[in-house]
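Participant: Would you mind keeping the following structure in view while I ask a few things?
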Amino acid sequence: MGSYETKKINTGNYNTFFCEGGESNSETIIFLHGSGPGANSETNWRNILPALKDRYHVIAPDYHGFGNSDHPETPPKSFWEWTQCRVEQILELMDYLKIEKAKLVGNSMGGAISLNLLMTAPERFEKVLLMGSGGGEAAPTPEIVRMVGFYKNPTYTALKNLTTWFVYDLKSIEGELEAVLKERYENVMRPEIRNSYINNAFPMMPGEGVIPPSALRQMTQPILLLHGVEDRFVAKESSLSLLQHLPNAQLHLIKGCGHWIQIEKREIFLNLLTQFFEGKLD
C-alpha cells in the first residue's frame with residue numbers, strides 16, 4: 001500500500017507543509033486537521049492517507065500557524081482573521097497544485113474551515129465530509145475549556161489527560177499513546193507553535209466560531225456529518241445544529257466513540273467516506 005510524501009512549498013502568501021499521495025489519480029480529497037495542542041496533518045491523518053491514495057489524490061496540509069507550516073511573527077488579531085488566512089492558504093495551495101475542484105474532509109476545527117471554504121469558493125468543492133465538526137451551535141464542554149487553556153500550564157501530564165479524553169475507549173489508542181504523546185509534546189514545546197496557539201487560536205467572543213445559519217442554507221453540496229456520540233470536545237449538538245440548516249446533509253452518529261473517529265473507528269470512517277464519495281450514500 002505504501003505511504004505518502006511530505007513537502008513544503010511557497011504558494012505566494014504562505015509557506016505550507018503538507019502530506020500528499022496518489023498524485024496521478026483524477027479525484028482529489030483535501031484533509032483538514034483539528035486544533036488540539038500539537039495537532040498537525042500527520043498526527044490527524046497518517047493512518048488514513050495510505051488507505052486512500054491508490055484511489056484518490058490525497059492532500060493534508062498543516063494550517064498557517066500550525067505544525068511545520070509558517071508561524072507569523074505578528075499573529076492575526078482574532079480567530080476570525082486566522083480562519084480567513086487558512087481559507088486563503090488552502091485555495092492558494094489548490095491553485096499552485098492546479099486542482100480545480102476537490103472533495104473536503106474536515107475534522108473539528110477543520111470542519112469549520114471547510115464550511116468557510118464553501119462560503120468563499122463554493123464552486124471548487126464537490127462533496128464535503130465533516131467529522132466532529134465545529135461551526136455549529138453547541139455549548140463549550142469542560143474538556144474544550146481545558147484544551148483552550150492548555151498553555152497556561154503545558155505539562156506532559158496535562159497533555160496526556162487531554163489526549164486520553166479525545167477517545168471514548170482508551171484501548172483504541174493504547175498501543176500508540178506514548179508515541180502520540182511524545183510527538184505532540186515535542187510540537188507544543190516549540191516556541192513558534194506555542195506563540196501561534198496562545199494568540200487567538202480559538203474563538204474568544206460568543207458565536208465567533210459559529211457559521212451563520214443563513215450561510216449554511218446556501219451550501220447546496222452533498223455533506224456527510226459524522227459525530228461520536230461520546231465526543232467531549234465538540235458535542236454532537238454541533239452536528240445536529242448544522243444538520244438543521246444544511247439543505248443537502250445527512251448525519252451518522254457513532255456510538256462508543258469520542259472525538260477521534262478516524263482513530264477510534266477507523267474502518268467505519270473509511271467505509272463511510274468511500275461510500276459517500278462514490279455516491280453510494282446518496
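Read the figures in this text as sums done on the coordinates, not as results from a lab. Nothing here was measured: the structure is a model prediction, and the numbers come from that model. Reconstructed Cβ throughout: ideal geometry from the backbone, glycine too, with neighbour counts over all protein chains shown.
Participant: Restrict the search to the range 15-84; then list the trypsin sites (Lys or Arg not before Pro) that DSSP places in a loop and that have at most 10 other Cβ atoms within 10 Å of their Cβ.
Facilitator: K77
Participant: Could you give P(r) for the range 18-167, binned at 5 Å from zero, as whole percent values over all Cα-Cα pairs?
Facilitator: Pair shares across the bins are 2, 9, 18, 22, 21, 15, 8, 5, 1, 0.
Participant: Between the DSSP loop rule and a limit of at most 13 other Cβ atoms within 10 Å, which GluC sites (Glu not before Pro) in the range 185-280 are left?
Facilitator: When the GluC sites (Glu not before Pro) of the range 185-280 are filtered for loop state and at most 13 Cβ neighbours within 10 Å, E208, E278 remain.
Participant: Could you please report the charge total around E73, scoring K, R as +1 and D, E as -1 over all other residues with beta-carbon less than 14 angstrom from its beta-carbon?
Facilitator: Here the count lands on 0.
Participant: Counting other Cβ atoms within 10 Å, keep those with at most 14, restrict to DSSP loop, and tell me which GluC sites (Glu not before Pro) in the range 82-155 are left. Walk me through the numbers on the way to the answer.
Facilitator: Working: sites: E88, E92, E100, E123, E126, E137, E143; in loops: E100, E137.
Filter output for the range 82-155: E100.
Participant: Which cross-chain or sequence-distant (5 or more) residues have an amide H under 5 Å from the amide H of L129, H modelled 1.01 Å from N in plane?
Facilitator: L104, V105, G106, L224
Participant: Same structure, new question: Treating only the Cβ atoms of Lys and Arg (+1) and Asp and Glu (-1) as charged, compute the dipole magnitude of the chain about its Cα centre; round to the nearest 20 debye. Kindly include the intermediate steps, with their values, before the conclusion.
Facilitator: On the way: 27 positive and 33 negative charges, 74 e Å.
With only Lys, Arg, Asp and Glu charged at Cβ, the dipole is about 360 debye.
Participant: Would you kindly state how much longer the chain becomes between N153 and D169 on full extension, computed as 0.36 nm times their sequence separation minus their alpha carbon distance, in nm to one decimal?
Facilitator: Length difference between fully extended and current span is 3.2 nm.
Participant: Let me ask something else. Among the lysines, which have Cα under 16 Å from the Cα of K101 when same-chain residues fewer than 8 positions away are ignored?
Facilitator: K101 reaches K127.
Participant: Divide by every residue of the chain the summed helix terms, -39500 (n - 2.57) for each DSSP H run of at least 4, and state the resulting mean residue ellipticity at 222 nm, rounded to the nearest 500 deg cm²/dmol.
Facilitator: Value at 222 nm, helices only: -10500 deg cm²/dmol.
Participant: Another one. Rounded to the nearest Å, what's the spacing between the alpha carbon centres of the range 1-44 and the range 237-282? Just the number, please.
Facilitator: So the two Cα centres are separated by 21 Å.
Participant: Separate question: Would you mind telling me which residue in P212, P191, P37 has the biggest mean-square fluctuation in a Gaussian network model of the chain, where springs connect alpha carbons within a distance under 10 angstrom?
Facilitator: Of the options given, P191 has the highest mean-square fluctuation.
Participant: Mind checking which of L251, A139, V58 is farthest towards the positive end of the chain's charge dipole, using Cβ charges of +1 (Lys, Arg) and -1 (Asp, Glu) about the Cα centre?
Facilitator: The listed residue farthest towards the positive side: A139.
Participant: Using a cut-off of 22 Å between alpha-carbon atoms, which lysines can reach K77, once sequence neighbours fewer than 8 places away in the same chain are excluded?
Facilitator: Partners within reach: K152.
Participant: Where in the range 240-279 does the amide nitrogen come within less than 18 Å of the point 7 Å from the Cα of A179, taken along Cα to Cβ?
Facilitator: Taking a point 7 Å out along Cα→Cβ of A179, the residues of the range 240-279 whose backbone N falls under 18 Å are 262-267.
Participant: Quick one: Debye curve from the C-alpha atoms of the range 129-282, no solvent, what's log10 I(q)/I(0) at q = 0.18, 0.20 Å⁻¹?
Facilitator: Here log10 of I(q) over I(0) equals -1.18, -1.30.
Participant: Another question, if that's okay. FRET efficiency for S24 and E192, Cβ-Cβ distance as r, R0 = 41 Å, nearest 0.05?
Facilitator: 0.75
Participant: Test of understanding: ordering S26, S78, S35 by Cβ neighbours within 10 Å, fewest first, what list do you get?
Facilitator: In increasing order of surrounding Cβ atoms, one gets S26, S78, S35.
Participant: While we're looking at this one, here's another question. Using each residue's phi in the range 258-267, evaluate 6.51 cos²θ - 1.76 cosθ + 1.60 at θ = phi - 60° and report the 3J(HN,Hα) Karplus result to the nearest Hz, with x for Gly and Pro.
Facilitator: Result, rounded to whole Hz: x, 7, 9, 4, 5, 9, 6, 10, 4, 5.
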